[in-house]
1. Sequence gap at least 6, Cα distance under 8 Å: using those rules, report the relative contact order of the chain to the nearest whole percent.
2. Accessible area per residue of the chain at 1.4 Å probe, in Å²?
3. Using alpha carbon centroids, what distance separates segment 150-182 and segment 236-256, in Å?
4. Can you tell which of Glu100, Glu224, Glu237 shows the greatest fluctuation in a Gaussian network model of the chain with Cα springs below 10 Å?
5. Express as a percent, rounded to the nearest 5, the fraction of DSSP beta bridges in the chain (both residues included) that run antiparallel.
6. Please count, across segment 16-175, the pairs of lysine residues with Cα atoms under 29 Å apart that sit 8 or more places apart or on different chains.
7. What is the percent carbon and sulfur in the accessible area of the chain, measuring with a 1.4 Å probe over the protein chains and ignoring ligands?
8. If each residue of separation counts as 0.36 nm, what is the full-extension length gain between Ile74 and Gln227 once their alpha-carbon separation is subtracted?
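The values are calculated or read from the model by the stated rules, or taken from the named source; none is laboratory data. Since the model is a prediction, treat every value here as computed from it, not as a measurement. Surface accessibility is based on the protein's heavy atoms, side chains included, excluding ligands, DNA and RNA. Shrake-Rupley method; radii C 1.70, N 1.55, O 1.52, S 1.80 Å.
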Amino acid sequence: MVGLILEGGGMRAGFAAGVLMALMEKQTIRFDAAMAVSASVPTLAYFAAGQRAEIEAVWRNELNTPKLVCYRNIPAASLTLSTKRPILDIDYLVYTVFKEKYPLNLPAVLTGSMICHFTLTKVPDGKVHFLHPGAYDIYHSFKACLAVPGCYPGTVRIDGCEYLDGGTVAPLPVKALFEQGLDRVVAVLTKPLDCEMEFPTFLERSLFWRYFRTHDWMLEKLWEAAQAYNEQIAFLEHLAASHPPRAFILAPDRMPPAPFITRDRKKINQTIDMGYKKAKAVEGELIRFLDGA
């Protein structure tokens, strides 16, 4: 039993998209279960559906637009929590890009052999929650998974509960994936292995001060998540060094050109290409790992 886990990271998650695009060209590569965080959730869904063209079209053509990244709303972000003036317009991304332009083949996801898990944060208790793609409306689920604290100033209601981006409390839930009965895991990171997750800077806390005041539990959870991320990386490295190895790590050798938020199409494409080339470079090693050799 082999699993796949995808880190999020905003536009840096283009690295994970590039990796999956490369893996889809090798049709013998299969996973029994998969888990994704934040920006990698829709990418995983398209991967599970076999929709490579949609992954590439979305990442290369649809993210570098002021319709999604609304810099004009930054001044208002610290003054209001209105979802009508977000820094990241998740509604546009989910309902215009994903639902209208590139609809997901949900039946293919649900009937496929790979079980998918999407990561969420439950509000206000700040606990990690895992969602199956068939549990609720898939696009509404995407919206909850992509509701980045502060950048999207609201939560998303599902079945009477409020949720937001799972990376808030569980940026890399490797151990949770192993609880699905897996023996080995392929982990796709969007930062170099030696790059620790950092606590929000003073500038970020200042920018979203009203948001953090409303969700007064969040700063503590973000601090705990940063520590947990570093522990999960150490756990992955331990598994990768075991004999036989129980983890295969695909991570960029340097920080991807695209930061968390950008409208720079060139940097986004360079980040996608970085992931694609990385997967191609280690393809033979990956196949041996999957074969248990």
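1. On the way: 556 pairs, mean separation 84.7, N = 293.
Relative contact order of the chain: 29 percent.
2. Working: 12670 Å² over 293 residues.
Each residue of the chain exposes 43 Å² on average to a 1.4 Å probe.
3. A separation of 23 Å, based on Cα centres.
4. Glu100
5. Details: 13 of 31 bridges.
Around 40 percent of the beta bridges assigned by DSSP in the chain are antiparallel ones.
6. Lysine pairs satisfying the spacing and distance rule in segment 16-175 number 22.
7. Details: 6650 of 12670 Å².
Roughly 53 percent of what the probe reaches on the chain is carbon or sulfur.
8. Values: separation 153, 0.36 × 153 = 55.08 nm, distance 2.83 nm.
Contour length minus the Cα-Cα distance gives 52.3 nm.
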